[in-house]
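All remarks here apply to the structure that follows.
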Amino acid sequence: MNNEFTVIPEGGVTSALGFKAGGIHAGFRKNPERLDMALVEADELCPAAGVFTQNIFCAAPVTVSREHLDGQGYGFARAMVINSGTANAATGSVGLENARKMAGIVADTVGCAPEDVLVASTGVIGTHLSMDPFEYGVPALHAELGKNGHDAACAIMTTDTVPKEAALSYTSADPDYLGIAFTVGGMSKGSGMIMPNMATMIACITTDAPVAPADLHACLKAAADASFNKVTVDGDTSTNDTCVALASGKAAPGAGFFKPGSVALKEFAAALNEVCQNLARQMARDGEGATKLVTVKVSGAATADDADKAARTVANSPLVKTAIAGHDANWGRIAGALGRSGACFQQEKVDIDIMGLPVLRQGLPVSFDEDKALRRFEEDEIVLDCNLGAGEFATTMWTCDFTHEYISINGDYRS
């Protein structure tokens, strides 16, 4: 199977054939300099799939998008519209009506059925969504859509400090598509209220590969589990999490969908996973107030669930995260998190490394040079390696450090 991917510089949601996108200030935010509405549009109706928040307090746009994907997470779509500034969550029947109205406005503008439009919102919870910005913004934005999706990525930001985009291409080795170049690209937002299942995020992934709706959903679910569901900033799960994938098939017109189990479908799944992991790492790096991307690697677990429990507990630990912010190689906090994670292991078999520096072996501390450890904390990415010595399972999670700025951002969020 081909796993040689070519990163597309400055690539994003419009890198794949068959898609246009853009962003505009429609009026959801007071600052006229901030883009606050994005539209991603396929040239024609195409396979679509989505994965959504598991929070019971799910937002109205999540409910409506699930309906538009036939209640099973996949179907067909023509466009996706996203607003920032107002989450349209905890808004009852009025919120549902407004989410359907935003789909209807896009449908009228694009020329498709309302159920062919997917919707997403992000921002303050409990505030009703005004329709006026859609009435003005959607036609204006549709008229200027292009192949540069950067404005769309900017328009979906909330407390993000930078837009998050990624794209790659690859050449298929499948005999049915031999030599054809396919592209996968996307954009996401997410900075705080980040916890797997999914993180507080909105993402739109596009591809010009011909992937059937059900297969697209299966690939997206697997990719999200290995990327977005491995990100945590603060242990909170949002009400609005939405990740959508659209497949135009434009790179191989008339060739037919990838066959289940084929080399082509496996290639696509690998490419999708690569893009999602890239976006997930960008989200962790841009955690609210963060100064460091933190990668937590757990190996030697007895089960996959144990590996996840251990990594998740370390990544969520405020004590671990604040120690990293303070450049303190406090392995005891890591060991404490492992011990309360619920994973099964014996402490006498545990090894811990911080940035490649051994600090614990067989459950006992290893002497290390504190000055050398301090210098390693100057790196942009801090890697914590934990071997439980209990089995063969492993996983990786991404998080960030906790700083005073996190409190400032969230203390002032609504003001």
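Here are the numbers:
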{"quantity": "Whichever residue in region 37-53 is within 18 Å of Gly18 (Cβ to Cβ) and of a type in the set (A, V, I, L, M, F, W, C) and, among such residues, is surrounded by the fewest Cβ atoms within 10 Å (Cβ to Cβ)", "calculated": "Leu45"}
{"quantity": "Restricting region 396-415 to residues that are in a loop (DSSP other than H, G, I, E, B), at pLDDT 65 or above and of a type outside the set (D, E, K, R), the residue that is surrounded by the most Cβ atoms within 10 Å (Cβ to Cβ)", "calculated": "Phe402"}
{"quantity": "From the options Ala311, Ala290, Ala325, Ala304, residue that is of a type in the set (A, V, I, L, M, F, W, C), open to solvent by 50 Å² or more (accessible area, probe 1.4 Å), within 30 Å of Lys164 (Cα to Cα) and within 27 Å of the chain's Cα centre (by Cα)", "calculated": "Ala304"}
{"quantity": "Single residue of Val162, Val94 found to be touching a helix residue (DSSP H, G or I) at 6+ places or on another chain (Cβ under 9 Å), closer than 30 Å to Lys292 by Cβ and surrounded by fewer than 19 Cβ atoms within 10 Å (Cβ to Cβ)", "calculated": "Val162"}
{"quantity": "Residue list for region 169-178, filter: open to solvent by 10 Å² or more (accessible area, probe 1.4 Å) and either within 22 Å of Ala48 (Cα to Cα) or touching a strand residue (DSSP E or B) at 6+ places or on another chain (Cβ under 6 Å) (or both)", "calculated": "Ser169, Thr171, Tyr177"}
{"quantity": "Failed condition for Ala284, given (1) part of a helix (DSSP H, G or I); (2) modelled with pLDDT under 85; (3) surrounded by fewer than 22 Cβ atoms within 10 Å (Cβ to Cβ); (4) not polar (S, T, N, Q)", "calculated": "(3)"}
{"quantity": "Gly123 being at pLDDT below 95, in contact with a strand residue (DSSP E or B) (Cβ under 8 Å, 6 or more places away or on another chain) and open to solvent by 10 Å² or more (accessible area, probe 1.4 Å)", "calculated": "yes"}
{"quantity": "Members of region 328-338 found to be among the aliphatic types (A, V, I, L, M) and either within 12 Å of Cys386 (Cβ to Cβ) or open to solvent by 60 Å² or more (accessible area, probe 1.4 Å) (or both), listed by number", "calculated": "Ile334, Ala335, Ala337, Leu338"}
{"quantity": "Counted residues, region 61-105 - those being in contact (Cβ under 8 Å) with a residue 60 or more places away in the chain and assigned to a helix (DSSP H, G or I)", "calculated": "3"}
{"quantity": "Residues satisfying the stated conditions in region 257-279, i.e. of a type outside the set (D, E, K, R), open to solvent by less than 10 Å² (accessible area, probe 1.4 Å) and closer than 14 Å to Asp215 by Cβ", "calculated": "Phe258, Ala264, Phe268, Ala271, Leu272"}
{"quantity": "Candidates Thr237, Thr200, Thr232, filtered to the one that is at pLDDT below 85, among the β-branched types (Val, Ile, Thr), under 26 Å from Ala90 (Cα atoms) and surrounded by fewer than 24 Cβ atoms within 10 Å (Cβ to Cβ)", "calculated": "Thr237"}
{"quantity": "Any helices (runs of 4 or more DSSP H) falling wholly within region 115-225 and containing at least 3 residues that are of a type in the set (Val, Ile, Thr) and more than 22 Å from Thr396 (Cα to Cα)", "calculated": "none"}
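The values are calculated or read from the model by the stated rules, or taken from the named source; none is laboratory data. All figures in this text were calculated on a predicted structure; none of them were measured in a lab. Every residue, glycine among them, receives a Cβ derived from its backbone with ideal geometry; neighbour counts consider all protein chains shown. With ligands, DNA and RNA removed, areas are computed over all heavy atoms of the protein, side chains included. Shrake-Rupley method; radii C 1.70, N 1.55, O 1.52, S 1.80 Å.
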